[in-house]
Structure formats: C-alpha cells, structure tokens
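Here's the structure we're looking at; comments come further down.
The values are calculated or read from the model by the stated rules, or taken from the named source; none is laboratory data. Every value quoted in this text rests on a predicted model; they were computed, and no experiment measured them. Cβ placement follows ideal geometry from the backbone for every residue including glycine, while neighbour counts extend to all protein chains displayed. Note: accessible area is taken over every heavy atom of the protein model, side chains too, but ligands, DNA and RNA are not part of it. Shrake-Rupley method; radii C 1.70, N 1.55, O 1.52, S 1.80 Å.
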Amino acid sequence: MKRLIVLLMLAVVALPALAKGDWKGRVVDEKGEPVAYANVAVLSKTDSTVVCGVVTQEDGTFNIVTSETDGIMMVAMLGYKTVYLAPVDGAVITLSDDTQMLEGAVVSAVMPKTKLTGEGLQTNVRGSVLENVGSANDVLSKTPGLIKGQNGLEVIGKGSPMVYINGRRVSDASELDRLQSNEIQSVEVITNPGAQYDATVRAVVRIKTIRRQGDGFGFNLNASDAQSLRWARGNDPFGAINVNYRTGGLDFFGGVNYARNTSRQDSYLEKQTFGRTAAGDDWLFENKGTLLNEYIGSSLYGNAGVNWQMADNHFLGGKVEWGRHLTYNVHTEVNDNVYENGTRVDKLTTVSDDTMGEWIPYNLGANLYYNGLVAGKLGIDVNLDYYGTDDSSKSISKEASDMTHNAAILSSSTNAGRMYAAKAVLSYPVWKGQLQAGTEETFSRRVDNYSVDGIAISASEATVTEDNIAGFVSYGCYLPKVGQFSAGARYEWVHYAYKDAITPANDLSRDYGNWFPNVSYAGVIGALSRNPVQVMLNYSAKTRRPNYANLSSAIRYNSRYIWQGGNAGLQPELSHNLSLTTVWKWVTFMVNYTRTDDAIMTWSSPIGDEGVVLVRPRNIETPFRQMSAFVNLTPTVGPWTMNYTIGIQPQWLTINAPDSREESGIRVTTFNGRPIFFAQLLNTLTVKGGWQFELGGIVQSTGYTQNLYIKNAYVNINAAVQKTLLADGSLVLRLEGNDLLGTAHMNVDSDFGSHTIMQTNLMDTQKVKLSVRYIFNAAQSKYRGTGAGADNKARM
C-alpha cells in the first residue's frame, strides 16, 4: 500500500530539493528507448517517505540532488512496472511494461490515462486509442477538459486555449493539422496558468511529443481533402511536408504546407431599432431579410530552424516562420425589406466583394533561445522574439434599391504591425521545491489606415503603441503525505497610446499597473483506501486586453443600415477564477467559477433616426459571473472505449442597456436563469488488422452565452473509419464525416436595448474528409524555444 501512496503522490508532481548528494542516471524501456517524464524519487529507509524527487528529461536522463546518503531510489511511470534499487550514480535503469491492475483500477492499452499534475489534467496519448485518430487537432477534440464546438476547440469554461508543443507556443493553427497523433506522448490541459504566463492567458494546452532517437534524415507527409455536401465550391485541400536532419548535437528542421479554406453562411435576420425624436415621438425601424456570406481563401506557410546541443543540459537554437495569403475572396449578399413605423419604405439589395488590396498579406516571425542548466541546479531559459504582419484589403459594395437611390461604396484598409519581445526565466531548487523568477518585455507598434468613398464617413490614419513590462515569481513544493503547493505573482505595467492623424480628438493615452496572483494545491484524498481520489484546487487573477482592431476609432461600412467600428476607449477586463478538479479511476470532475469586471462585449446602437446602427465593442459596467461544471468518463469494455463529457454552463449577467423609450433612458436587461447544458459523447472501436471505427457527437441546449440567447439545440454527429498500414504503422488512411445530420448550427437572439436582432443560421459544416499520412524515419525536432510576447502575436 505504501508503494501505491508514493506512486500517486509522485504522479502529482516531483520537485528537487536542496541537498548534498548528487546522483545522475538514465531511464529507458525494454527497447532501449528513453522514458521521458518518469518520476525518480529517493525514499527514506525508515518509513518510505519521499525525501525528494525529479522528473526525467526528454532523453530519459535525471540528476537528483539530496542530503539522503543511504536511501532507496524508486523509478515510476504509468504503464511501466515500478523499480526500486539502491542509489547508484550513472545507472541506466530499464522499465518493463505493466498492463496489470493497479490496486483494482484496470489499466487498458486502449484507454487514455488521465491524471492530475499539480497544474492541470494530463492525458497520455501514446498506447491509447487516441494514438492513431489523425492530427493533433483530432487528439485535442477528444481530450478530457476540451470540447469542440462551432467556434473550434475550447477549454470548458475558459474559451480558446494557448497551445504549446514541447514548450514552444503554436503561432500558426495549421501546425496542429501537421502534427500527427502518433507523434504525441501526452496532452496537458491547464485551466489556471501560473505567473510565468502572460496575464491574458486563461487556459493552456501543453503537448509533449515522443522523443525520436538517432541521427539521420526523416520526413512526414500529410495530405487531405474535405468536400462540403451542401456547396460544390466548399472544397478544402491541405498538404504538408516536414523534414528533419540530425547529426551529432545539431538538429535541422523545416516544413511547408498549403491550405485552402472555405466557409458559407446562409441566414435570415429580423432587426428592430427603436428611437425617439427631439419632439418626443417614438419611431421604429425594422429590417427583415436574408444574408449570404461565402469565403474562399488559400495560404502558404513555411518554417525552418536549427537546434544545437552544445553540451549536456545546454541548448541554443533559432527558428523562422512565415506565411502569406495566396487568395482571399469574401462575397456577401444582403436582401433587406425596410419598414418605418410599420410601413415599408425600402427594398434594398447589397452585394459586396472583399479581396486583397495594394499588396499581398503576409506575416513573419523569428525566435532565438538559450536553455540550460548551470552547476546542475540553476535553470536558465531565455527567448528573443520578433513578429511582423502586413495586411491590405479592399471592398466594393453595390446597393440596388427599389424605392430610393442606388449607391456604390468603395473602401480600402491597410495595416502593419511589429512586435519585439524578450523573456528570461531562472529556476533554482529551494528546500523541498522549486523557485522560479523571470521577466518579460513586449513592445508593439501598429499602423491602421482606412478610407471609404461614396458615403460621408471619415477616413482614419491611426497609430497604436503598446509597451508591456512584466516581472513574475513563483514557488512550488511537494510535501510528503500532504501534497503539492504552489503560489506565484505577476506584475504587469502597460503603456498604451492611440493617435489618429486625421481626427486628433480621438487620441488617447493610458498607463496600467496590475498584480496577478495565483495559488494552487494538489493532493490525494483517501490515500490508504483502495481507490484514492486526486484533488486539485486553483485560484488565479487574469486580464483580457482588446485586440488592436477593436481599438480603432475608424467606422467601417457594412451596409446602408449597419456600420461597424472599434472603440479606442476600451478598458481591459479583469477576472478572478476559482476551480476544483478531482480524478477517481476513470472519472474526472471539474467545476470553474469566474467573475469578470469591465467585460468586453459586442454592442449595437442606433445612429441618428434613419435606422442606421453602429456595431462596436464596449465594456459592461456590471460584473459578469459564469460557472461551468462537467464530468468526464473514460471507461473501456474490451475493444470499445468511451469518452463521455456531460456538463452545464450557467451565467449571471445584468446590463443597463440604453433605450430611449424609457423615461430614464436606460432599460435593465438580464441574461440569467437559462444555463446551457452540453454533452460530448465519443465512441471508439479498435479491432485487429489496424482498423479503428469512431462514432460520436456534440449536443448543446438552448441558453444564454454572454449577451446572446441560443434558441435551438446544437447537434453535431460525426463518424470516422481508419486503417493503419505497413508493418511499422507509418501509413494511415482515414475517412471521416462531420455534421452527418446537418444540424450543427445555432440560431440566436440579442437584445441591445434600443436594438434587437433575431437570426437563424445554416452553416456549411456537413463535410466528408479523406486523409493520408506517411512517416519515414521521422525525428521529432528538439527545439526548446518557448517564445515571448504570445498574447500580442494573437492580438495582431
């Protein structure tokens, strides 16, 4: 039983302590391959308590420093038999597979194993049914804590996560399509990121890949084609090739991919705009009609880099990433019947085409890093980053009216952004844990120009400057028989300035200084029982800053009755987050509660008394409170693996909405009392001959989300069949279908006080996709750059 208690505690975390002894070694499996992230601990001979512990590096090596000179060394890793031995310096320790029962808890080769790590939920992919499901995106959509909805992958209750692969932030979403599932060791979902992350990061997904050994050349190919069942032009081909060459301590890598993406939206809208004239007479404008939006675009992306292992525990490297649009076309048709006080006054058809402008949009990024360990204790991680983006677009809108005048509106937009960032992190073992401190500086500049002809809307030539200087410190320690404690704090000072060369009255300058603390505890309840429960409790403070487009004061023309603009006066959000997570055998339960002040939401308000509305973001004066709770079940019955997530998302939001019909000019609107229920049910059947069959779906009920009401049930049923070929499984064919019933769409109602919208939508989500993947002697890149200025890249 003591063995089980120690193993469960080590599964939470193992941190080094100050010590006198120094034992080094390497952990490998029965094939001689290194075992990464295994727990290595020194136990007291008297009571078998943990004196100190470490986790093996990607190459299987470890260095354990302790004052215990006559203890017992234990090496443990899920899926392997635990090894006990006398501490020996320079030992090579071999772990053998263990598929037996762990104190009554069945461990199956096809069952994804999920455990708490002290920061989040870690799911092992290797050896589970997730190993061959396709790309990294396919793995994430089936990982506990994540759910795939209409807006893509989300951490339940937290929104879109920031994704890292081997410590490096993913800046291009297509990288998750290029990374194959059989290259992934584990996925960790962190719902309350610590002080080392930017204060805007509310959720993190960390992907660790399988360490490939040996020198030489390798490559992998990935090609797919998805075809819409509703729209003939909805064809999305994708192709990627990645190469890698290793020799000695040098690792060269690079890749290129092409992607064509399409989307289509067919909607019916009813809009009502209320107002009151200066004489006190109420008026009502109504717009009833259809909207059709079609997007077709293609892009090319590439990357190249080098990693140099100068010596043991010393790495230096650099990477360049670039991307550019090849085509960009957005076609929109709006048919409006316009009524004023119940009488039709116009029938308007607006056809708009958006294309690339003066130059071809592109982005360019670069990273330089050093990662090392000095004197076996002091960890150093330094990153220097650059990111630049240039964009240019133009739009032509032609309006045909049956009752008033026709018009042609021409607009153009150009913007350029540059970001320079640096981040340095030092770590050192102190007492029974690890002390970490660092700093991160980000300097961003953006120029945004907009002009429009054919209507009286002012042009804009705006410059946005933002400087962010941050410092952070954190400490985490593991106390035997108690658990892991960690705490940290991050201070960010931000200078923001907005200048408009055409309209100086819009100029704005602000300085912010905020502390962002975080605290967490992870431990085991009932450690002496047959089935103990892992528990994790977290608190953190976070912020969300508006993206640069939302800070522009320029007004953009969408149609005769809808204009769109930014808001240079937007304040950052400030959130307080509290979460509880428990894991018992194959059952995971999580509950999150968040309170947000100055929440940023999209708002629509009338301009004048002719039915024109301006859509722009605004801060909500009242607190926005929301909660999410879910349970995840991953049982296995023979070749059948289930992955079921069922949950609820209630919210509490009251908004003082401007409404001229009220005597006070304000109408209190509430978005409470109708929580959203959701379920993601995934089934996988694995049979002999390399065949895998999948059937699953997502169901979401009606309910409130922010200031919108979803008024229909969202249902997305999908299925896939997969065949693994060749002796080493290097060739995989996969056929999958999405939204088989054609019901994956959401209809929404919104209430902005003086303006309401009712909208039904039919999205182009019913698709069939065929993919093929081939890997030849692929060696995973050893790149260790973690990047800096991640939030600003995303906002650009």
State the antiparallel share, in %, of DSSP beta bridges confined to the chain, rounding to the nearest 5. 95 percent
Given Lys208/Lys769; Lys208/Lys723; Lys24/Lys481, the pairs whose alpha carbons are separated by over 29 Å: none
Ranked by accessible surface with a 1.4 Å probe, highest first, in what order do Glu286, Glu188, Glu610 come? Glu610, Glu286, Glu188
Among Lys158/Lys319; Lys113/Lys423; Lys148/Lys288; Lys585/Lys711; Lys158/Lys377; Lys377/Lys423, the pairs whose Cα-Cα distance exceeds 27 Å are Lys158/Lys319; Lys113/Lys423; Lys148/Lys288; Lys585/Lys711; Lys158/Lys377
Do any chymotrypsin sites (Phe, Trp or Tyr not before Pro) in the range 309-389 lie in a loop, going by DSSP, with at most 14 other beta-carbon atoms within 10 Å of their beta carbon, and if so which? Trp359
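Given Cβ point charges of +1 (Lys, Arg) and -1 (Asp, Glu) and nothing else, what value in debye, to the nearest 20, does the dipole of the range 135-190 about its Cα centre take?
Here the size comes out at about 140 debye.
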Largest first, how would Ile457, Ile396 line up by accessible area (1.4 Å probe)? Ile396, Ile457
Using a cut-off of 18 Å between alpha-carbon atoms, which aspartates and glutamates can reach Lys271, once sequence neighbours fewer than 8 places away in the same chain are excluded? Asp282, Glu286, Glu333, Asp336, Glu340, Asp346, Asp609, Glu610, Asp659, Asp749, Asp751
Name the residue from Thr596, Leu695, Phe678 whose Cα lies farthest towards the positive end of the charge dipole of the range 581-710, charges +1 on Cβ of Lys and Arg and -1 on Cβ of Asp and Glu. Leu695
What dipole magnitude, in Debye to the nearest 20, does the range 661-764 give about its Cα centre under +1 on Lys/Arg Cβ and -1 on Asp/Glu Cβ? 220 debye
Quick check on the chain: helices-only [θ] at 222 nm, where DSSP H runs of length 4 and up contribute -39,500 (n - 2.57) each and the sum goes over total residues. Nearest 500, please. -1000 deg cm²/dmol
Rank His576, His331 by accessible area, highest first, at a 1.4 Å probe radius? His576, His331
Among 118-125, 545-552, 688-695, how do they line up by average Cβ neighbours within 10 Å per residue, starting with the highest? 118-125, 545-552, 688-695
Go through Gln759, His576, Thr343 and say which Cα lies farthest out towards the positive end of the charge dipole of the chain; charges sit on Cβ, +1 for Lys and Arg, -1 for Asp and Glu. His576
By the Cα gyration tensor axes a ≥ b ≥ c (a/c under 1.5 gives rounded; else a/b larger than b/c gives prolate, otherwise oblate), the shape of the range 123-254 is oblate
Restrict the search to the range 400-462; then list the chymotrypsin sites (Phe, Trp or Tyr not before Pro) that DSSP places in a loop and that have at most 14 other Cβ atoms within 10 Å of their Cβ. Trp431
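Within 11 Å, Cβ to Cβ, of Asn567, how many net charges do the neighbouring residues add up to if Lys/Arg are +1 and Asp/Glu are -1?
Neighbourhood net charge equals +2.
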For Asp448, tell me the accessible area in Å² from a 1.4 Å probe, rounded to the nearest 10. 10 Å²
Positive end of the charge dipole of the chain (Lys, Arg +1 and Asp, Glu -1 on Cβ, about the Cα centre): tell me which of Gly120, Gly566, Phe443 has its Cα farthest that way. Gly120
Percent of C-alpha pairs per 20 Å bin, the chain, short to long: 14, 47, 31, 7, 0
